[in-house]
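Student: One structure coming up, written as structure tokens, with questions to follow.
The values are calculated or read from the model by the stated rules, or taken from the named source; none is laboratory data. On a predicted model such as this, the values are computed, not experimentally measured, just so you know. Cβ coordinates were reconstructed from backbone atoms using ideal geometry, including for glycine residues, and neighbour counts include every protein chain displayed. For the accessible areas, the whole protein counts, side chains as well, though only heavy atoms, and no ligand, DNA or RNA atoms are used. Shrake-Rupley method; radii C 1.70, N 1.55, O 1.52, S 1.80 Å.
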Amino acid sequence: MGELELVLDAKSVLGEGPSWDARRQCLYWVDIEGRKIHIYDPKSGSDREIEVPQRVGAVVPRASGGLVAALHDGFYAVDPDTGAVQPLVRSAEATEDVRFNDGKCDAAGRFLAGTMSISGVPQSGILYSLHTDLSVHKMVEQVTTSNGIAWSPDHKTMYYIDSPTKQIVAYDYDLDSGTIRNGRAVIRIPDGQGVPDGMTSDTEGMLWIAQWGGYRVTRWNPHNGECIATVSVPAARVTSCVFAGDDLSELYITTASVGLTDEQRKEQPHAGGLFRIKTNVRGMPTFAFEG
């Protein structure tokens, strides 16, 4: 593995939700509390911001063009060229306190994203799946902080994080119907290492997990629950990660500065930055929304 590098000293409040657009060769990521979608061009090193009217938890490319974002109260189409934002489906369960958080598309082009309580009310979130016909289906209920989602290389297993549980739960996944069954915990984050946040997977079937409060991204074998690699990050609040680049071997890592004291900000001057590390594996691609 290469050396971790800071590619963008963004000083985002709550950097999150990265996805790689192989067609446009750019990285999308969000600042949830800053209400911004970022478009980072690795070749030029430039980063463009699109301001959105609500908190934004995740953003993915759309196969028909443009982007789809999980904003505070639902799924929205976003035109990256004009910045125009149009609602696709609003959630009936969204309130001032309950907002969308992390999300990702499966290989069939459904957009899965879940909600959480801003004030921390337990079990008030739901993991939803936006199908390509724009129907919305509930996947997991009574979630506290819906976070990372990833799939195995054969798409038959979905991995999911409800952060306060400190567990990664595996489900049997039916790609044809987009349904899950047989949930079982396969990984537990040890005490003192923060909580699991965003997540991605590689072509070897291993999981890469961002650890909020843990100063790290870790690589795990979900078949035996073993941690097999650690990437140290000079920011405590590591939020998510995604594979990008021509061969999907570059891992981009988002971080947050929200809630840090003045002393902590001095100790973590690059908190809220976007980081990158060259790995020895290929990651799973970012799938686009097909609706």
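Student: Ignoring everything but the protein chains, give the 1.4 Å probe accessible area of CYS227 in square angstrom, nearest 10.
Tutor: Its accessible surface works out to 50 Å², give or take rounding.
Student: Report the normalised scattering of region 165-291 as log10 I(q)/I(0) at q = 0.11, 0.12, 0.23 Å⁻¹, calculated by the Debye formula with identical scatterers on the alpha carbons.
Tutor: -0.42, -0.50, -1.36
Student: Continuing with the same structure: Note the per residue figure in Å³ for the convex hull of the C-alpha positions in the chain.
Tutor: Convex hull volume per residue, Cα atoms: 118 Å³.
Student: Skip the ligands, DNA and RNA, and give the accessible area per residue of the chain with a 1.4 Å probe, whole Å².
Tutor: Counting only protein heavy atoms, the per-residue value for the chain is 40 Å².
Student: Tell me, in nm to one decimal, what length is gained between GLU204 and ALA229 on full extension, where the rule is 0.36 nm per residue of separation less the Cα-Cα distance?
Tutor: Gain on extension, GLU204 to ALA229, equals 7.6 nm.
Student: Across the Cα atoms of region 1-56, what radius of gyration and what greatest pairwise Cα-Cα distance (Dmax) are found, in Å?
Tutor: 11.7, 39
Student: Note down the nm distance, to one decimal, between modelled labels 7 Å out along Cα→Cβ at ARG188 and at GLU267.
Tutor: Using points 7 Å along Cα→Cβ, the separation is 2.7 nm.
Student: Translational diffusion coefficient, Stokes-Einstein: compute it for region 42-127 using the Kirkwood radius over C-alpha pairs as Rh, at 25 °C and 0.890 mPa s, and state it as an integer in µm² s⁻¹.
Tutor: It comes out at roughly 179 µm²/s.
Student: Here is a follow-up. Taking a spot 7 Å from the Cα of ASN280 along the direction of its beta carbon, which residues of region 1-29 have an amide N less than 11 Å from it?
Tutor: 1-2
Student: Could you work out [θ]222 nm for the chain from helices alone, using -39500 (n - 2.57) per DSSP H run of at least four and dividing by all its residues? Round to the nearest 500 deg cm²/dmol.
Tutor: Rounded to the nearest 500, the figure is -500 deg cm²/dmol.
Student: Another question about this same structure. Ordering HIS137, HIS38, HIS155 by how much accessible area each has at a 1.4 Å probe, largest first, what is the list?
Tutor: Final ranking, largest accessible area leading: HIS137, HIS155, HIS38.
Student: Tell me, what is a quarter of the convex hull surface for the C-alpha atoms of region 1-156, in nm² with one decimal? Provide the component values of the computation, followed by the final result.
Tutor: On the way: hull surface 41.2 nm².
Computing the convex hull of the Cα atoms and averaging its projections yields 10.3 nm².
Student: Something else: Under 28 Å Cα to Cα from LYS43, which lysines show up? Leave out anything in the same chain fewer than 8 places away.
Tutor: Hits, sequence-local ones excluded: LYS11, LYS104, LYS278.
Student: Evaluate the distance, in nm, between pseudo-label points positioned 7 Å from the Cα of ALA92 and of ASP172 along their respective Cα→Cβ axes.
Tutor: The two pseudo-label positions are separated by 3.0 nm.
Student: Then there's this: For region 209-253, what is the largest minus smallest coordinate of the Cα atoms on each principal axis, given in angstrom and ordered from greatest to least?
Tutor: Cα spread of region 209-253 along its principal axes, largest to smallest: 29, 28, 13 Å.
Student: Volume per residue, Å³, of the convex hull around the alpha-carbon atoms of region 233-273?
Tutor: Cα convex hull per residue, to the nearest whole number: 53 Å³.
Student: Stokes-Einstein D for region 74-115 at 4 °C, 1.567 mPa s, Kirkwood Rh over Cα pairs, in µm²/s?
Tutor: Stokes-Einstein gives a translational diffusion coefficient of 111 µm²/s.
Student: Also, quick follow-up: To the nearest 0.05, how large is the calculated FRET efficiency for ASP246 and THR132 if R₀ is 35 Å and r is the Cβ-Cβ distance?
Tutor: Working: r = 28 Å, r/R0 = 0.80.
With R0 = 35 Å, the Cβ-Cβ based efficiency is 0.80.
Student: Right, next: Net charge near THR200: determine it from the other residues with C-beta under 14 Å of the C-beta of THR200, scoring Lys and Arg +1 and Asp and Glu -1.
Tutor: Combined, the nearby Lys, Arg, Asp and Glu give -3.
Student: Let me ask something else about it. Work out the charge dipole of the chain with +1 on the Cβ of Lys and Arg and -1 on the Cβ of Asp and Glu about the Cα centre, then indicate which of GLY109, GLY15, PRO153 is farthest towards its positive end.
Tutor: PRO153
Student: With +1 assigned to the C-beta of every Lys and Arg and -1 to the C-beta of every Asp and Glu, and no other charges, what is the dipole magnitude of region 89-173 about the Cα centre in debye, to the nearest 20?
Tutor: 100
Student: Count the net charge of all other residues whose Cβ sits under 10 Å from the Cβ of THR239, scoring Lys and Arg as +1 and Asp and Glu as -1.
Tutor: Numbers: positive: ARG237; negative: GLU16, ASP102, ASP197.
Summing Lys/Arg as +1 and Asp/Glu as -1 gives -2.
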